[in-house]
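Remarks on the structure that follows.
The values are calculated or read from the model by the stated rules, or taken from the named source; none is laboratory data. In this text the structure is predicted, and so the values were computed from the model without any measurement. Positions of Cβ are generated from backbone atoms using ideal geometry, with glycine treated the same way; all protein chains shown enter the neighbour counts. The accessibility values were calculated without ligands, DNA or RNA, using every heavy atom of the protein model including side chains. Shrake-Rupley method; radii C 1.70, N 1.55, O 1.52, S 1.80 Å.
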Amino acid sequence: MDWNRTKSIFIFVFLILNIFLYSLYVNRYNEAKDIEVPGEKTIEARLKDDNITYGSLPNNIEFASYMTAQVHKFTTDEFSNSNQQIAFRDNTNTKVRAIFLKPVKLRNVSDDASFTDFAVANVNEGASYALWKVDREERIAIFFQKTNNRMFYYNGSLKIKWNTNNEVTMYEQTMIDNIEEMEQQETVIPPLQIIQTLYAKGPLKPDSRITQMKLGYSTLVKLTRTQVLVPTWEVRVKLSDGETEEYFVNAVEGKVIEIQEDKQEGEEEDWGVE
(Lines give C-alpha, C1' and ligand atoms only; values in the text may rest on other atoms or scores of the structure.)
Protein backbone atom coordinates (compact mmCIF):
# COMPACT_ATOMS: atom_id res chain seq x y z
CA MET A 1 0.00 0.00 0.00
CA ASP A 2 1.41 3.41 -1.02
CA TRP A 3 0.83 5.30 2.26
CA ASN A 4 2.19 8.61 0.97
CA ARG A 5 -0.20 8.54 -1.99
CA THR A 6 -3.14 7.61 0.27
CA LYS A 7 -2.24 10.40 2.68
CA SER A 8 -2.10 12.90 -0.19
CA ILE A 9 -5.57 11.84 -1.37
CA PHE A 10 -7.00 12.29 2.14
CA ILE A 11 -5.44 15.74 2.43
CA PHE A 12 -6.85 16.74 -0.95
CA VAL A 13 -10.35 15.49 -0.07
CA PHE A 14 -10.37 17.35 3.25
CA LEU A 15 -9.14 20.49 1.50
CA ILE A 16 -12.01 20.33 -0.99
CA LEU A 17 -14.48 19.70 1.85
CA ASN A 18 -13.18 22.69 3.80
CA ILE A 19 -13.45 24.92 0.74
CA PHE A 20 -17.05 23.78 0.19
CA LEU A 21 -18.03 24.36 3.82
CA TYR A 22 -16.41 27.78 3.81
CA SER A 23 -18.20 28.80 0.61
CA LEU A 24 -21.51 27.59 2.10
CA TYR A 25 -20.87 29.69 5.19
CA VAL A 26 -20.01 32.78 3.12
CA ASN A 27 -23.13 32.40 0.98
CA ARG A 28 -25.41 32.15 4.02
CA TYR A 29 -23.67 35.04 5.73
CA ASN A 30 -23.91 37.27 2.68
CA GLU A 31 -27.58 36.44 2.13
CA ALA A 32 -28.47 37.33 5.72
CA LYS A 33 -26.33 40.44 5.80
CA ASP A 34 -27.38 41.68 2.36
CA ILE A 35 -23.90 42.85 1.43
CA GLU A 36 -23.94 46.15 -0.46
CA VAL A 37 -22.79 46.37 -4.05
CA PRO A 38 -20.19 49.12 -4.59
CA GLY A 39 -21.84 52.24 -5.90
CA GLU A 40 -25.28 51.37 -4.51
CA LYS A 41 -26.90 52.97 -1.48
CA THR A 42 -26.31 51.42 1.91
CA ILE A 43 -29.16 49.54 3.56
CA GLU A 44 -29.49 52.35 6.11
CA ALA A 45 -29.92 54.89 3.30
CA ARG A 46 -32.52 52.75 1.53
CA LEU A 47 -34.48 52.29 4.76
CA LYS A 48 -34.40 56.05 5.23
CA ASP A 49 -35.57 56.63 1.65
CA ASP A 50 -38.56 54.35 2.29
CA ASN A 51 -39.18 55.97 5.69
CA ILE A 52 -38.76 52.66 7.52
CA THR A 53 -37.73 53.46 11.06
CA TYR A 54 -36.86 51.62 14.26
CA GLY A 55 -35.96 52.51 17.83
CA SER A 56 -33.51 50.85 20.18
CA LEU A 57 -32.78 47.22 19.32
CA PRO A 58 -31.78 44.31 21.61
CA ASN A 59 -27.99 44.24 21.72
CA ASN A 60 -27.19 41.74 24.46
CA ILE A 61 -28.22 38.46 22.84
CA GLU A 62 -25.29 36.70 21.20
CA PHE A 63 -26.00 33.00 21.67
CA ALA A 64 -29.01 30.71 22.04
CA SER A 65 -29.65 26.98 21.85
CA TYR A 66 -32.10 24.84 19.94
CA MET A 67 -34.75 23.22 22.14
CA THR A 68 -36.88 20.11 22.09
CA ALA A 69 -40.37 19.66 23.51
CA GLN A 70 -43.31 17.27 23.44
CA VAL A 71 -46.90 18.08 22.60
CA HIS A 72 -49.00 17.64 25.74
CA LYS A 73 -51.95 15.23 25.75
CA PHE A 74 -54.69 16.48 28.04
CA THR A 75 -56.80 14.32 30.33
CA THR A 76 -60.08 15.15 32.03
CA ASP A 77 -58.37 14.80 35.43
CA GLU A 78 -56.49 18.04 34.74
CA PHE A 79 -59.71 20.07 34.81
CA SER A 80 -61.44 20.25 38.17
CA ASN A 81 -63.21 23.61 37.85
CA SER A 82 -66.93 22.85 38.12
CA ASN A 83 -67.71 26.07 36.23
CA GLN A 84 -66.01 24.73 33.08
CA GLN A 85 -67.42 22.39 30.47
CA ILE A 86 -64.49 20.64 28.80
CA ALA A 87 -64.31 19.35 25.22
CA PHE A 88 -61.30 18.01 23.34
CA ARG A 89 -60.95 19.58 19.91
CA ASP A 90 -59.37 16.58 18.17
CA ASN A 91 -58.97 12.85 18.69
CA THR A 92 -55.40 13.24 19.95
CA ASN A 93 -56.46 15.21 23.05
CA THR A 94 -53.83 17.86 22.30
CA LYS A 95 -56.27 20.78 22.10
CA VAL A 96 -58.93 21.52 24.67
CA ARG A 97 -61.84 23.96 24.76
CA ALA A 98 -63.30 25.08 28.09
CA ILE A 99 -66.70 26.81 28.15
CA PHE A 100 -67.64 28.67 31.31
CA LEU A 101 -71.12 27.78 32.55
CA LYS A 102 -71.09 31.14 34.32
CA PRO A 103 -68.91 33.67 32.43
CA VAL A 104 -65.99 35.16 34.36
CA LYS A 105 -65.76 38.94 34.59
CA LEU A 106 -62.52 40.55 33.44
CA ARG A 107 -61.13 43.19 35.77
CA ASN A 108 -60.48 45.74 33.00
CA VAL A 109 -60.37 44.92 29.28
CA SER A 110 -58.36 48.09 28.65
CA ASP A 111 -55.56 46.76 30.84
CA ASP A 112 -53.51 43.90 29.36
CA ALA A 113 -52.61 42.70 32.85
CA SER A 114 -56.24 41.73 33.46
CA PHE A 115 -55.96 38.98 30.82
CA THR A 116 -52.84 37.61 32.48
CA ASP A 117 -54.60 37.70 35.85
CA PHE A 118 -57.49 35.74 34.35
CA ALA A 119 -55.18 33.08 32.87
CA VAL A 120 -53.29 32.57 36.13
CA ALA A 121 -56.52 32.24 38.13
CA ASN A 122 -58.65 30.16 35.73
CA VAL A 123 -56.46 28.15 33.33
CA ASN A 124 -54.50 24.98 34.04
CA GLU A 125 -50.79 25.99 34.12
CA GLY A 126 -51.93 29.51 33.23
CA ALA A 127 -48.82 31.08 34.75
CA SER A 128 -46.65 29.36 32.14
CA TYR A 129 -48.21 31.48 29.36
CA ALA A 130 -47.37 35.05 28.36
CA LEU A 131 -49.76 37.45 26.66
CA TRP A 132 -48.82 37.98 23.01
CA LYS A 133 -51.66 39.93 21.43
CA VAL A 134 -55.07 41.36 22.30
CA ASP A 135 -57.66 41.96 19.58
CA ARG A 136 -60.28 44.08 21.31
CA GLU A 137 -62.39 44.37 18.19
CA GLU A 138 -62.76 40.60 17.91
CA ARG A 139 -62.58 40.24 21.73
CA ILE A 140 -59.81 37.62 21.63
CA ALA A 141 -56.57 37.49 23.61
CA ILE A 142 -53.74 35.19 22.54
CA PHE A 143 -51.03 33.78 24.81
CA PHE A 144 -48.03 31.55 24.13
CA GLN A 145 -46.09 29.40 26.54
CA LYS A 146 -42.77 30.84 27.62
CA THR A 147 -39.42 29.84 29.06
CA ASN A 148 -37.01 32.40 30.51
CA ASN A 149 -39.37 35.09 29.15
CA ARG A 150 -39.02 33.74 25.61
CA MET A 151 -42.22 32.70 23.87
CA PHE A 152 -42.85 29.51 21.91
CA TYR A 153 -44.66 31.02 18.93
CA TYR A 154 -47.72 28.94 18.04
CA ASN A 155 -46.49 26.16 20.31
CA GLY A 156 -48.38 25.89 23.56
CA SER A 157 -51.06 28.48 22.92
CA LEU A 158 -53.95 29.89 24.90
CA LYS A 159 -56.78 31.83 23.28
CA ILE A 160 -59.49 33.40 25.39
CA LYS A 161 -62.75 34.94 24.20
CA TRP A 162 -64.93 37.44 26.04
CA ASN A 163 -68.43 38.81 25.38
CA THR A 164 -69.87 42.32 25.13
CA ASN A 165 -70.26 42.36 28.93
CA ASN A 166 -66.48 41.93 29.26
CA GLU A 167 -66.92 38.40 30.59
CA VAL A 168 -64.76 35.49 29.48
CA THR A 169 -67.02 32.80 28.04
CA MET A 170 -64.45 30.24 26.87
CA TYR A 171 -60.85 29.51 26.10
CA GLU A 172 -58.85 27.09 23.94
CA GLN A 173 -55.54 25.67 25.02
CA THR A 174 -52.62 23.63 23.73
CA MET A 175 -49.47 22.87 25.69
CA ILE A 176 -45.94 21.58 25.30
CA ASP A 177 -43.92 19.93 28.05
CA ASN A 178 -40.64 18.06 28.62
CA ILE A 179 -38.91 21.19 27.30
CA GLU A 180 -35.15 20.69 27.07
CA GLU A 181 -32.37 22.95 25.88
CA MET A 182 -29.69 21.44 23.64
CA GLU A 183 -26.14 21.80 24.89
CA GLN A 184 -24.63 23.48 21.85
CA GLN A 185 -24.94 27.27 21.73
CA GLU A 186 -25.65 28.84 18.35
CA THR A 187 -24.65 32.34 17.25
CA VAL A 188 -27.70 34.61 17.06
CA ILE A 189 -27.92 36.93 14.07
CA PRO A 190 -28.06 40.54 15.32
CA PRO A 191 -31.36 42.49 15.06
CA LEU A 192 -30.14 45.04 12.50
CA GLN A 193 -29.06 42.21 10.23
CA ILE A 194 -32.54 40.68 10.59
CA ILE A 195 -34.09 44.02 9.55
CA GLN A 196 -31.81 44.05 6.51
CA THR A 197 -32.97 40.54 5.62
CA LEU A 198 -36.64 41.50 5.89
CA TYR A 199 -36.04 44.58 3.76
CA ALA A 200 -34.16 42.61 1.11
CA LYS A 201 -36.86 39.90 1.00
CA GLY A 202 -39.65 42.47 0.63
CA PRO A 203 -41.97 42.20 3.69
CA LEU A 204 -41.08 45.62 5.11
CA LYS A 205 -43.32 48.28 3.60
CA PRO A 206 -42.54 52.00 3.15
CA ASP A 207 -43.65 54.38 5.90
CA SER A 208 -43.61 51.67 8.57
CA ARG A 209 -41.95 51.52 11.96
CA ILE A 210 -40.44 48.53 13.72
CA THR A 211 -41.87 48.80 17.21
CA GLN A 212 -40.53 45.63 18.81
CA MET A 213 -38.03 42.81 18.33
CA LYS A 214 -38.06 39.80 20.64
CA LEU A 215 -36.24 36.49 20.62
CA GLY A 216 -38.39 33.40 21.05
CA TYR A 217 -38.76 29.95 19.50
CA SER A 218 -40.66 28.43 16.61
CA THR A 219 -40.95 24.91 15.20
CA LEU A 220 -38.06 23.77 13.04
CA VAL A 221 -39.00 20.08 12.87
CA LYS A 222 -42.38 18.66 13.88
CA LEU A 223 -42.56 14.94 14.48
CA THR A 224 -45.54 12.98 15.80
CA ARG A 225 -45.28 14.44 19.31
CA THR A 226 -41.72 15.71 19.63
CA GLN A 227 -40.76 19.07 18.21
CA VAL A 228 -37.39 20.71 17.56
CA LEU A 229 -37.56 24.45 18.20
CA VAL A 230 -35.22 27.04 16.71
CA PRO A 231 -34.37 30.48 18.14
CA THR A 232 -36.57 32.95 16.27
CA TRP A 233 -36.75 36.71 16.03
CA GLU A 234 -40.25 38.18 16.18
CA VAL A 235 -40.36 41.56 14.44
CA ARG A 236 -43.47 43.64 15.12
CA VAL A 237 -44.13 46.41 12.59
CA LYS A 238 -46.65 49.26 12.65
CA LEU A 239 -47.83 50.15 9.15
CA SER A 240 -48.71 53.60 7.83
CA ASP A 241 -52.44 52.86 8.21
CA GLY A 242 -52.01 52.02 11.90
CA GLU A 243 -52.29 48.25 11.46
CA THR A 244 -49.68 45.95 12.99
CA GLU A 245 -47.96 42.99 11.35
CA GLU A 246 -45.58 40.41 12.78
CA TYR A 247 -42.73 38.72 10.96
CA PHE A 248 -40.65 35.77 12.15
CA VAL A 249 -37.03 35.11 11.15
CA ASN A 250 -34.84 32.11 11.98
CA ALA A 251 -32.27 33.69 14.32
CA VAL A 252 -29.57 31.17 13.38
CA GLU A 253 -29.90 30.92 9.60
CA GLY A 254 -31.59 34.24 8.81
CA LYS A 255 -34.49 32.74 6.85
CA VAL A 256 -37.92 34.36 6.97
CA ILE A 257 -40.38 31.89 8.50
CA GLU A 258 -43.96 31.62 7.31
CA ILE A 259 -45.79 30.67 10.49
CA GLN A 260 -49.38 29.64 9.97
CA GLU A 261 -51.66 29.22 12.95
CA ASP A 262 -53.00 25.68 13.12
CA LYS A 263 -56.72 26.29 12.69
CA GLN A 264 -59.44 23.75 12.29
CA GLU A 265 -61.81 24.43 9.46
CA GLY A 266 -64.59 26.68 10.66
CA GLU A 267 -63.01 27.07 14.07
CA GLU A 268 -63.27 30.84 14.15
CA GLU A 269 -66.96 30.69 13.29
CA ASP A 270 -67.96 28.31 16.05
CA TRP A 271 -66.84 30.29 19.09
CA GLY A 272 -70.57 30.73 19.46
CA VAL A 273 -70.68 33.85 21.65
CA GLU A 274 -71.42 37.52 21.19
What list of ³J(HN,Hα) values in whole Hz, one per residue of region 165-180 in order, does the Karplus curve 6.51 cos²θ - 1.76 cosθ + 1.60 (θ = phi - 60°) give from phi, with Gly and Pro shown as x? 8, 6, 10, 6, 9, 6, 8, 10, 9, 10, 8, 10, 9, 6, 6, 10
Could you please report the charge total around ASP117, scoring K, R as +1 and D, E as -1 over all other residues with beta-carbon less than 11 angstrom from its beta-carbon? -1
Nonlocal amide H pairs with LYS133, under 5 Å, H built at 1.01 Å: ILE142
Treat every Asp and Glu Cβ in region 92-183 as -1 and every Lys and Arg Cβ as +1, leave all other atoms uncharged, and give the resulting dipole magnitude about the Cα centre to the nearest 20 debye. 440 debye
In Hz, Karplus ³J(HN,Hα) per residue of region 217-224 (6.51, -1.76, 1.60; θ = phi - 60°; x = Gly, Pro): 9, 9, 6, 9, 9, 10, 9, 4
Could you work out how far the C-alpha centroid of region 202-255 sits from that of region 157-192, in angstrom? 14 Å
Given LYS73/LYS159; LYS95/LYS161; LYS73/LYS255; LYS159/LYS214, which pairs have Cα atoms separated by over 25 Å? LYS73/LYS255
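Hey, what's region 53-101 come to in accessible area per residue, 1.4 Å probe, Å²?
About 57 Å² of surface per residue is accessible.
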Label-point separation (nm) for GLN185 and GLN212, each offset 7 Å from Cα along Cα-to-Cβ? 2.7 nm
At a threshold of 8 angstrom on Cα-Cα distance, excluding pairs fewer than six apart, so keeping six or more, what relative contact order does region 36-159 reach in percent? 11 percent
Under 16 Å from a point placed 7 Å out from the Cα of VAL104 along the Cα-to-Cβ direction: which residues of region 63-96 have their backbone N that close? 78-87, 96
